Amino acid sequence: VQLQASGGGLVQAGGSLRLSCVASGDTFSDYALGWFRQAPGKEREFVGGSSWSDTGRISGDSVKGRFTLSRDNAKNTVYLQMNNLKPEDTAVYFCAARRGTTVASTGRRYNYWGQGTQVTVSS
């Protein structure tokens with residue numbers, strides 16, 4: 001499966017962005033999708049994920065209440081809606097896929113990765 005992430009950009013603190021991850025090349029419902037982010041000099045961080053059968057869950061106290069996940073199976077797309085963005089949300093955001101219906105929070109359990117999209121939040 002191939003993944004294409006988009007929607008990143010430069011936004012002021014308090015603003016919003018919606019990231020999209022479009023999957024192609026295989027049956028979308030066979031995969032769980034995850035969103036990760038990596039800031040310069042920091043470890044990769046799991047943001048949230050979605051499988052075919054659920055609407056998605058956000059992980060991490062730093063983003064709960066501000067980020068939401070949604071999945072449009074007809075469009076082979078998972079969305080990450082990010083509201084009330086903060087400078088500490090600045091990172092490259094990646095989507096990843098793994099076969100099955102279980103969302104994993106560790107990157108090594110994903111076999112397929114998109115190219116990443118940069119999110120920069122100015123203060």
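The values are calculated or read from the model by the stated rules, or taken from the named source; none is laboratory data. Everything quoted here is computed from the prediction, not taken from an experiment. Ideal geometry is used to build each Cβ from the backbone, glycine not excepted, and the neighbour counts take in all protein chains shown. Areas reflect the complete protein model, heavy atoms only, side chains present, ligands, DNA and RNA absent. Shrake-Rupley method; radii C 1.70, N 1.55, O 1.52, S 1.80 Å.
To the nearest 20 debye, what is the magnitude of the charge dipole of the chain about its Cα centre, counting +1 on the Cβ of each Lys and Arg and -1 on the Cβ of each Asp and Glu? Display every interim value, and only then the final one.
On the way: 14 positive and 9 negative charges, 20 e Å.
With Lys and Arg at +1 and Asp and Glu at -1, about 100 debye.
Provide the per residue accessible area, probe 1.4 Å, for the chain, rounded to a whole number of square angstrom.
Details: 6110 Å² over 123 residues.
Counting only protein heavy atoms, the per-residue value for the chain is 50 Å².
Run the simple label-point estimate for residue 29 and residue 43 please: 7 Å along Cα→C-beta, distance reported in nm.
Placing both labels 7 Å beyond Cα along the Cβ direction yields 3.7 nm.
Nearest 0.05, what FRET efficiency do residue 120 and residue 83 give at R0 = 25 Å with Cβ-Cβ as r?
Working: r = 16 Å, r/R0 = 0.65.
With a Förster radius of 25 Å, E is 0.95.
Cut-off under 22 Å on the C-alpha distance; same-chain residues fewer than 8 positions from residue 64 excluded. Which lysines are left, in chain and number order?
42, 86
More than 20 angstrom separation, counting every C-alpha pair in the chain; what % is that? Please report the intermediate quantities before stating the final value.
Details: 2559 of 7503 pairs.
Considering the chain, 34 percent of its Cα-Cα pairs are separated by more than 20 Å.
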